[in-house]
Amino acid sequence: MPPCKASALEGEALKDEATGHGYVRPIVLFQAQNENDEVPPEVLRKHLEDELHIPKEQIKVATGDTRELEGLDLAARDCPVRFVITVQALREGWDCPFAYVLCSLQKLSSATAVEQLLGRVLRMPYASPRGREALNRAYAHVCEAKFSTAAHELADRLINNMGFEALDVASMVVQQSVLPLFEQNQPPAPVIPALVATNFIASSLSPELQTAAGVEVVQIAGEQTLVVTGHIGTEVEALLMAQVRGPKKQEQVRDKVAQHNALVAAQSAPASRGERFAPIPTLSYRSTPQDQLWPLEREAVLEAVELDLLTPEAVQLPGFQVVEQSNTFEIYLKDARVNLRAADASQIAFDYGSSTITADDLVRWLDQSLFQKLPELTQGQRTSYFAAVVSHLMHERGIPLVTLAKARFKLAQDIEARVGDLKDRAAKTQFRQLVLEGAWDIEPDWTRPLLFEANRYPVPAGSRYAGRYQFNKHFYPVQADLKDGGEEFLCAQLLDNHAKVKHWVRNLTTAPCGFALATSRGRFFPDFVAELVDGRIAVVEYKGAHLLNDPYEIEKRQIGELWASRSNSRCLFGQITKERDGAGMSGQLDTLLA
């Protein structure tokens, strides 16, 4: 919401020849948000006064509770009001003459709101052609992610509702778990699930269906009924669907089969049978041999990082560019027809040179915008760095201050990204020195392990594996984020069928339910965690061949191998790919688990 519109329009006076009022100047009408939103009237007033240095007497608020326009003649030559802030005035029919510029901070959520917005600025009372083309237009600035959509909606409302012209008129899966009533030290007794049986209508029975495994024909209430137990395979499902006619009934059978198989899988999963998954040790460190063991997290590494933001390299923003883009559309009347076109930014751009914003104002604005996003920096560090960046851009890159002020939101984004990049670089160097190169004593922590518990695998329904293949050794009844037939799916199949695997988990990518290892960027959640028959823990990460040489993937492999090497052979880590050194996925997995 730049101040340029007001300053440009203030330069011309409009003569009211119809009423003889003399001269009036265009007014900028702001539609602020409600009190509980981000930009209510008083917040907007403070912004105009403190950040844009607009005199207080030029700003008035007109709402239901605040009526600062009462008794004022906005058309009078000596009236100082140039900016009016309202909230619901558009909806309530309030009128502000000479409001040729409207800036709305509210969404155009209804057709009525669009019409009312247009009605406030398109009438342009007593307007006559001006020498400056910019003054021959009314302006409506709206907050809309897709500005072109809003512009077309404005044009549609003009055409259809405002009389300008007429146009022709278009697995459900329920995880069952048993929670103990009291804490017990001994493992719970094995859960013996009830047999899952589902009834199907038996209208016409084929010999193949009657003799299929798990299928029984019984009489229920005098009607012949099919009772199916155990997992329903694709062949039996096809036979069940063949005895009904019509796509709707077949879809009902398909849904019934899917629900039946989900319940069977839920009861046969190791967690549902009361089995326990071995604890998985996390990774911890000692900064000195005498120090206690602390959980290894990226934050611990960052505490040892001294970030110098005032170096010549740090104050540069290599990717920062100011590109003039026009999100402006012009609605105009020609030959009794309403037309819509993208406006040329160079033709209607207003002069920012009269801005009174100083470098200190910009630095203060940056600090207010970024202090929550850069909490690790003190205010002194922030303001010194922001001032150095602004100075570099102005004096080394030759970007005028008014241009930086105009692009301040992009500037803030680039500064935040630059600090993040500098922090990541420092963290990577420090992580290598402290963790991978042995400055700290790193070891698996068996006192703070991750536990895969029977009732703690929160997977949203839309993220569950929905394929037909039945995994027999997955610890939980469902699997998270596994695409049927993909390469990770094939890796999961190999784990599920491997003789040395007792059970396994498709690892979650969220703490505290997923297993993670610290990296210089944060946390690394491997794809699979397996408990082997001999009690060892195997962590497996599948990686596409194109990523094997990526520096961050190399770091993840190094931290995984470090975790395994310090476990006294109790843990294994492997990064599996489609093919490596002539060995396929199966061969790589055999080598790891051996």
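The values are calculated or read from the model by the stated rules, or taken from the named source; none is laboratory data. Values in this document were obtained by computation on a predicted structure and should not be read as measured data. Counting neighbours? That spans all protein chains shown, and the Cβs are built from the backbone with ideal geometry, glycine included.
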Exactly one condition in (1) among the charged types (D, E, K, R); (2) at pLDDT 85 or above; (3) over 38 Å from the mean Cα position of the chain (by Cα) is false for residue 251; which is it? (3)
Top-ranked residue in the stretch 553-574 [being touching a Ser or Thr at 6+ places or on another chain (Cβ under 9 Å) and within 23 Å of residue 486 (Cα to Cα); ranked as surrounded by the fewest Cβ atoms within 10 Å (Cβ to Cβ)]: 574
Could you check, for the stretch 289-311, whether at least one of its residues is under 27 Å from residue 53 (Cβ atoms), modelled with pLDDT of 90 or more and assigned by TED's automatic domain parsing to the domain that holds residue 424? no
Pairs with Cβ under 8 Å, 6+ apart, first in the stretch 556-572 and in the same structural domain as residue 524 (by TED's automatic domain parsing), second surrounded by 15 or more Cβ atoms within 10 Å (Cβ to Cβ) and among the basic types (Lys, Arg): 569/536; 570/536; 571/536; 572/536
What is the number of the single condition among (1) in contact with a Phe, Trp or Tyr (Cβ under 9 Å, 6 or more places away or on another chain); (2) of a type outside the set (D, E, K, R); (3) modelled with pLDDT under 90 that residue 349 does not meet? (1)
